[in-house]
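**Q** Would you mind keeping the following structure in view while I ask a few things?
The values are calculated or read from the model by the stated rules, or taken from the named source; none is laboratory data. These numbers were taken from a predicted model, which means no experiment stands behind them. For neighbour counting, all protein chains shown are included, and Cβ atoms are generated from backbone atoms with ideal geometry for every residue, glycine included. Surface areas here come from the heavy atoms of the whole protein model, side chains and all, with no ligands, DNA or RNA. Shrake-Rupley method; radii C 1.70, N 1.55, O 1.52, S 1.80 Å.
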Amino acid sequence: MADPSHGSYREVLSRPAAWHLLATAGLARLAMGMVGLALVLSVREATGSFAAAGFAAGAFALTAGVFAAARGRLVDLRGHRRGLRVLGAGYALAGCALLVLVTTVREPAALIAASGMLGAVAPPVSATTRTAWADIVGRGPRLSTALSLDTVTEELLSLVGPVSTGLLVAESSPLTALATAIALEVTAVGLFPGKKPGAASPPSAMAAGHGTPRLQGSHRVLAAVGPVLVPLLAAGVGFGVLDVAVPALALQRGGTVSAGWMLALLPAGSTLGGLAYGRRTWSSPLVKRYRWLCLALVVGFAPLPLIAGDAALWPLLLVAGLAIAPTVVTGYLLVDEATPDGRKTEAATWVSTFNNTGTATGSALCGALIAGVPLAAVFALPAVAVTVGTLGMVLWHRNLPVRAEAASGPAVRPKRLSRRR
């Protein structure tokens, strides 16, 4: 059940530093939304090869994902402002090196290596922002509202970023777009609101009455939050499949112009769902709600194969997107509950890592299948992936207490998460 009387957006935004956080995070996310396309176009222009551009973009995404937890842990240890500024300085240096190489050396191997370096030090703004909201509004109903607002903002900027890059390229050059994206990211990181290292956060429901759990290694953080991440990994697979399948469908019907509008329907639906979800305070337990939301994702994805046979059914993509933001928000809340203070930013980075890994896997899988499999079958993959991921989460929850204690002793108690049913 839901109570609309608490946790309003106005109440969240009235908190000190809320607008500061929203603005700086928004600027950083705009920059990150620009950098992918700008990088591809810049490397393509420098080398004359789309293959080199693709490898450069892949190197950026790979290192950004592989080193995400390490960057999150640095932010946890140094504090939000100081940790992000250290990474921002590294991002600025790597960005300058990349820009110099693009304009002078133009050697594909060097540009691919520099792109990988840039991804390795990319500031984890989204993960840090989500932990910073807890410092501003506390935990409870307002945090759910704040995270919904944050997720909706991120969805909207994921559309604005590539458009902004396209305008800059049209008016100037890909190099200008890339330099602008890097400069905006560094500026936003420098303006990010801070929290002193070691500052205490309100105790999570999981830790209350039992002392704060101590997780000594990243693998133990992953063990604590792993069950939550499995459906998000599966959802990422679905998003990756659609990123390739939708343009393929548009091309099959005579052109790619409609592909952009079709792909925009998914985040548009997510935005609407996130706004509606964040306006209410939910009384149901997080784990139970998360399972229902995962089921809603399956239900939303299930009719998508019909799109392959009838162009009039494109709005089904809007419906499929409605549960995305609420599922991500609830996933972050569960990760926050399952993680002790001092490791929350690191844990939040695993959400992005799993989701992005799933997206890359889904795109690759769709690319391999799309030539020899009917499009209707390809469009069925998102629902299948989320179904399997949800079942995996349920099975992991049942087996996690024994495995977690065997691996880390009594210090980690993720099994309390599974009791909230």
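**Q** I'd like the distance separating the alpha-carbon centroids of segment 15-58 and segment 366-395, in whole Å.
**A** 28
**Q** From the protein chains alone at 1.4 Å, what is the descending order of accessible area for Trp261, Trp282, Trp314, largest first?
**A** Most to least solvent-accessible, the answer reads Trp261, Trp282, Trp314.
**Q** Round to the nearest 10 and report in Å² the accessible area of Val394, as given by a 1.4 Å probe over the protein chains' heavy atoms.
**A** 40
**Q** On to the next question. Would you rank Met32, Met393 by solvent-accessible area, highest first, keeping every protein chain in place and using a 1.4 Å probe?
**A** In descending accessible area the options line up as Met32, Met393.
**Q** Further question on the same structure: Of the accessible area of segment 334-388, with the probe set at 1.4 angstrom, what percent is carbon plus sulfur?
**A** 73
**Q** What distance in nm separates the simple spin-label points at Leu313 and Arg82, each placed 7 Å from Cα in the Cβ direction?
**A** Here the modelled spin labels are 5.7 nm apart.
**Q** Assign one of three labels to segment 12-79, namely rounded, prolate or oblate, based on the Cα gyration tensor with a ≥ b ≥ c the square roots of its eigenvalues; rounded applies when a/c is under 1.5, prolate when it is not and a/b is larger than b/c, and oblate otherwise.
**A** Oblate, since a/c reaches 1.5 and b/c is not below a/b.
**Q** What is the percent carbon and sulfur in the accessible area of segment 29-92, measuring with a 1.4 Å probe over the protein chains and ignoring ligands?
**A** Here carbon and sulfur together make up 67 percent of the probe-accessible area.
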